[in-house]
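Engineer: Handing you a structure now.
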Amino acid sequence: MSCNRLSKVVDQTFKKWLDELVVSLSNRSVAEIGISYAGTNEFANEMKAVLQPYVEKPISVLETGSIIQTHTGENAWAILIRYNS
């Protein structure tokens, strides 16, 4: 599989996962969401735009520290969600 084709498959996989997350958030009360990324912030900002309607507070998008980036490599990301109790 070529690198370009693999990249498209990965993009589709994570976008499908994001769609599934949105469905699950529609049934929950969300207090805060944060997004951490390594490398470029392109997908992190895309996730922010999709998730912002599900939380009142602005979503923070922050670059992951260099120690974590050393272990995760480029284009890693995490979504942190705090639900209302």
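Taken together, the values in this text are just the output of simple stated rules run on the coordinates, not laboratory data. All of these numbers come straight from a predicted model, not from anything done at the bench. Reconstructed Cβ throughout: ideal geometry from the backbone, glycine too, with neighbour counts over all protein chains shown.
Engineer: Taking just the C-alpha trace of the chain, give me its Rg and Dmax in Å.
Structural biologist: Radius of gyration, then largest Cα-Cα span, for the chain: 13.9, 46 Å.
Engineer: As a check on your grasp of the helix formula, calculate [θ] at 222 nm for the chain: sum -39500 (n - 2.57) over DSSP H runs of n ≥ 4, divide by the residue count, round to the nearest 500.
Structural biologist: -15000 deg cm²/dmol
Engineer: Still on this structure, please answer the following. Quick one: if the Förster radius is 25 Å, what FRET efficiency do residue 60 and residue 13 give, using the C-beta to C-beta distance and rounding to 0.05?
Structural biologist: About 0.50, to the nearest 0.05.
Engineer: Continuing with this model, one more query. Pairing the Cα long axis of helix 42-51 with the longest principal axis of the chain, what angle in degrees results, from 0 to 90 and rounded to the nearest 10?
Structural biologist: Result, in degrees: 20.
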